[in-house]
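The values are calculated or read from the model by the stated rules, or taken from the named source; none is laboratory data. Worth saying up front: this structure is predicted, and the values here are computed from it rather than measured. No Cβ is skipped: glycine too gets one built from the backbone with ideal geometry, and neighbour counts run over all protein chains shown. The area values use the complete protein model at the heavy-atom level, side chains included, leaving out ligands, DNA and RNA. Shrake-Rupley method; radii C 1.70, N 1.55, O 1.52, S 1.80 Å.
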Amino acid sequence: MHKVLAIETSCDETSVSIVSNINDTYTIHSNIIASQIKDHSKWGGVVPELAARKHLESLPFVLEEALKESTINIQEIDVIASTVAPGLVGCLRVGSITARSLCTLHSKPFLGIHHLEGHLSSILFSENYPKKSFLTLLVSGGHTELIKVDEGREMKRLGKSFDDAAGEAFDKVGRLLGLGYPGGPAIEKIAKEGNPLKFDLPKCKISDKKGGFLKYDFSFSGLKTAVLRLVEKINLDGDKVPVPDIAASFERVVAEVLVERTIKCARDHGLDNVVVVGGVAANNTLRKMMISEASKKSIKVHLAPLNLCTDNAAMIGAAALFRLKLKEHQSSLKLGVSGRLSIDQATTLYQKNPPF
Ligand code: KG4
Ligand code: ZN
């Protein structure tokens, strides 16, 4: 059994969690999340400098609360982990410096975690998570990726967005429909009152230099522009903008694109387990569509628990626990942070000579 104290500060949630595992069963003892959404919503998106300052202010209190709620003493913790890449550099630094200082103070090993590996590890808290190779659809505010994950945690990115991430598209469309930040939950709510088939919006593809289209990649900026043009035209015509219908049509198209490309990728790679994680994985239209379409192809879908889709430290702790179970991984205390690091590079975080 391992006990991990994990810190997540890569974007706009300050979170600390205490998690443990016994063999294949993962338990959350506490998972405190201080969201900065209110601080950023008036600016229509995350302001990096403000986010870093807020992490500095909140982290001591969040840490204290997480330890208190877990009833686990810091001396009983085996490893301290924090997200080190990718994310907002100033924000990552706050969590990583705090984690490494605690390691020095309490003589504990440190594990630097890749944020996307954290997201896909949120599935470890769900029942019957896949034990063999699986395909992950990771859909968040910063990333839309298809990642093949092997038993030994070898991870290979098979698809990505060439422009906006799915969550970013939700946020931008939410803003242009006047729904505020974050757009995802607001669009989902108002879409319930709309007709998803009302507007025919484009499913954009990326051209392949060799001809045809890239099968597993995504592009959402054209879809966002199509919504903008639609709203402009309705305004020019002097009509009332049918926000619920536009939201529902947009949500349907995003879900269809994500589901179609994920299933194609899984089938082409002989993977019969699909994991869906990240903030956009909280979307009910996507969740339902993925399950029903995948079942037609005998693919089993594993959805991240609803409360662990958006950023939280429990998923970072789960990634650390999995690394410890696999091999006694440890990161150098000299490991810094990086705004960008492909998921294929995640194991470099455990090298004696850190990559950054
Ligand atoms: O994973 P996350 O917390 O942060 C990143 O790592 O980026 O994801 C946040 C994103 C935001 O873009 C937000 O609009 C989107 O997830 N999101 C949703 C829903 N809840 C959050 N998108 C669609 N439907 C939702 N219910
Ligand atoms: Zn995230």
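Yes or no: region 16-26 includes at least one residue that is assigned to a helix (DSSP H, G or I) and either farther than 17 Å from His115 by Cα or at pLDDT 95 or above (or both). Show your work before the answer.
Applying the first criterion (assigned to a helix (DSSP H, G or I)) to region 16-26 yields none.
No, region 16-26 contains no residue that is assigned to a helix (DSSP H, G or I) and either farther than 17 Å from His115 by Cα or at pLDDT 95 or above (or both).
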Unmet requirement for Leu111, which otherwise passes all of (1) part of a helix (DSSP H, G or I); (2) crowded, with 22+ Cβ neighbours inside 10 Å; (3) away from ligand 2 (no atom under 16 Å from the Cβ); (4) among the aliphatic types (A, V, I, L, M) = (1)
Run down Gly95, Gly142 and say which single residue is within 16 Å of ligand 2 (Cβ to nearest atom) and surrounded by fewer than 24 Cβ atoms within 10 Å (Cβ to Cβ).
-> Gly142
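Does at least one position in region 180-189 carry a residue that is open to solvent by 60 Å² or more (accessible area, probe 1.4 Å), within 14 Å of the chain's Cα centre (by Cα) and within 16 Å of ligand 1 (Cβ to nearest atom)?
Filtering region 180-189 for residues open to solvent by 60 Å² or more (accessible area, probe 1.4 Å) gives 185, 189.
Okay, now just the ones that are also within 14 Å of the chain's Cα centre (by Cα), so none.
Within region 180-189, none of the residues are open to solvent by 60 Å² or more (accessible area, probe 1.4 Å), within 14 Å of the chain's Cα centre (by Cα) and within 16 Å of ligand 1 (Cβ to nearest atom).
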Please find, within region 125-139, the residue that is surrounded by the fewest Cβ atoms within 10 Å (Cβ to Cβ) out of those that are more than 28 Å from Ser41 (Cβ to Cβ) and within 16 Å of ligand 2 (Cβ to nearest atom).
-> Phe125
At pLDDT 95 or above and among the basic types (Lys, Arg), is that true of Lys68?
-> yes
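Matching residues to (1) touching a residue at least 40 places away in the same chain (Cβ under 8 Å); (2) open to solvent by 30 Å² or more (accessible area, probe 1.4 Å); (3) not in a helix (DSSP H, G or I):
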| site | (1), (2), (3) |
| --- | --- |
| Lys288 | no, yes, no |
| Ser298 | no, yes, yes |
| His302 | yes, no, yes |
| Leu321 | yes, no, no |
| Lys325 | yes, yes, no |
| Gly336 | yes, no, yes |
| Asp344 | yes, yes, no |
| Thr348 | no, no, no |
Yes or no: Leu158 more than 16 Å from ligand 1 (Cβ to nearest atom) and surrounded by fewer than 24 Cβ atoms within 10 Å (Cβ to Cβ)?
-> yes
Exactly one condition in (1) away from ligand 2 (no atom under 16 Å from the Cβ); (2) touching a residue at least 60 places away in the same chain (Cβ under 8 Å); (3) farther than 18 Å from Ala226 by Cβ; (4) not in a loop (DSSP other than H, G, I, E, B) is not met by Arg153; state its number.
-> (4)
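To keep it simple, each residue is scored yes or no on (1) away from ligand 2 (no atom under 15 Å from the Cβ); (2) of a type in the set (A, V, I, L, M, F, W, C); (3) within 20 Å of Ser15 (Cβ to Cβ); (4) within 20 Å of the chain's Cα centre (by Cα).
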residue	(1), (2), (3), (4)
Val274	yes, yes, no, yes
Gly279	no, no, yes, yes
Ile299	yes, yes, no, no
Glu328	yes, no, no, no
Gln351	yes, no, no, no
Leading residue by the ranking (least open to solvent (accessible area, probe 1.4 Å)) among those in region 13-35 that are touching a strand residue (DSSP E or B) at 6+ places or on another chain (Cβ under 7 Å) and over 19 Å from Thr71 (Cα atoms) | Thr14
Which of the residues that make up region 50-70 are under 21 Å from the mean Cα position of the chain (by Cα) and open to solvent by 40 Å² or more (accessible area, probe 1.4 Å)?
-> Lys54
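Tell me which residues, restricted to region 202-261, are open to solvent by 60 Å² or more (accessible area, probe 1.4 Å) and assigned to a helix (DSSP H, G or I). Walk me through it before giving the result.
Looking only at region 202-261, we keep the residues that are open to solvent by 60 Å² or more (accessible area, probe 1.4 Å), and these are 203, 205, 207, 209-210, 213, 215, 228-229, 232-233, 235-240, 260.
Leu228, Arg229, Glu232, Lys233, Asn235, Leu236, Glu260, listed by residue number.
Has region 230-243 got at least one residue that is closer than 27 Å to Asp311 by Cα and in contact with a Lys or Arg (Cβ under 9 Å, 6 or more places away or on another chain)? Before you say what the answer is, go through the steps one by one.
First, pick out the residues of region 230-243 that are closer than 27 Å to Asp311 by Cα: none.
No, region 230-243 contains no residue that is closer than 27 Å to Asp311 by Cα and in contact with a Lys or Arg (Cβ under 9 Å, 6 or more places away or on another chain).
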Filtering region 291-311 down to residues that are under 14 Å from Ser126 (Cβ atoms) and out of contact with any Phe, Trp or Tyr (no Cβ under 7 Å at 6 or more places or on another chain), which residue is nearest to ligand 1 (Cβ to nearest atom)?
-> Cys309
